[in-house]
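Report on the following structure.
The values are calculated or read from the model by the stated rules, or taken from the named source; none is laboratory data. Predicted model, so just to flag it, every value in this text is computed and none were measured. Quick reminder, even Gly has a Cβ in these numbers, built from the backbone with ideal geometry, and neighbours come from all protein chains shown. Only protein heavy atoms, including side chains, enter the accessible area calculation; ligands, DNA and RNA are left aside. Shrake-Rupley method; radii C 1.70, N 1.55, O 1.52, S 1.80 Å.
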Amino acid sequence: MDSSIERVAWDRPAAAAYVSAAGDAAALLGTAEDHAHTVAGIDLSGLGTLGNGFAAAWAAAWTTHGAHLRTASALTGAYGRAIAGWGNTLGGVDTESAAGIAGAVPGIDEIQA
């Protein structure tokens, strides 16, 4: 039997920094998505008949790029929210555990929450 104790070591400042960075990155990716859609809509009608295929490919490529940016933004934001949720859950467990053991040992060395 393995006698090691498994623990979760949660680095709150690092988690907070990641959550902040993830929020900033998600917002920037969302802005980039907006710009990609703007680029996709650039009027290329001046390219004439020979440029119609290029214009269609241009619009499709930038629209696809915008969709990828939207997905990246959503995933980055969701991962940041998951990290925040984990931190909140672990903080709640710590608080409940401390409250549960507070006063468990009477006397001068009584455990305090």
Out of everything in region 34-53 that is more than 30 Å from Ala74 (Cα to Cα) and either among the hydrophobic types (A, V, I, L, M, F, W, C) or surrounded by 11 or more Cβ atoms within 10 Å (Cβ to Cβ) (or both), what residue ends up being farthest from the chain's Cα centre (by Cα)?
Leu50
Meets criteria (more than 26 Å from the chain's Cα centre (by Cα), of a type in the set (A, V, I, L, M) and over 30 Å from Val93 (Cα atoms)) for Ala27
no
Do you know which residues across region 69-88 are farther than 18 Å from Ala25 by Cα, open to solvent by less than 60 Å² (accessible area, probe 1.4 Å) and in contact with a Phe, Trp or Tyr (Cβ under 9 Å, 6 or more places away or on another chain)?
Gly87
Going by the structure shown, is Asp34 acidic (Asp, Glu) and at pLDDT 95 or above?
yes
Residue check, Gly66 farther than 20 Å from Ala84 by Cα, at pLDDT 95 or above, surrounded by 13 or more Cβ atoms within 10 Å (Cβ to Cβ) and in contact with an Asp or Glu (Cβ under 7 Å, 6 or more places away or on another chain)
yes
Within the set of pairs 6+ apart or on separate chains, which have a first residue in region 28-40 that is without any contact (Cβ under 8 Å) to a residue 24 or more places away in the chain, a second that is assigned to a helix (DSSP H, G or I) and of a type in the set (A, V, I, L, M, F, W, C), and C-beta atoms under 7 Å apart?
Val39/Trp62
Just wondering, is there one or more residues in region 75-89 that are farther than 30 Å from Val19 by Cα and at pLDDT below 90?
no
Name the pairs: first residue in region 41-55 and over 21 Å from Gly66 (Cα atoms), second residue of a type in the set (Phe, Trp, Tyr) and surrounded by 11 or more Cβ atoms within 10 Å (Cβ to Cβ), Cβ to Cβ under 6 Å, at least 6 apart or on different chains?
none
Return yes when Ala60 is open to solvent by less than 50 Å² (accessible area, probe 1.4 Å), at pLDDT 90 or above, of a type outside the set (D, E, K, R) and assigned to a helix (DSSP H, G or I) and no when it is not.
no
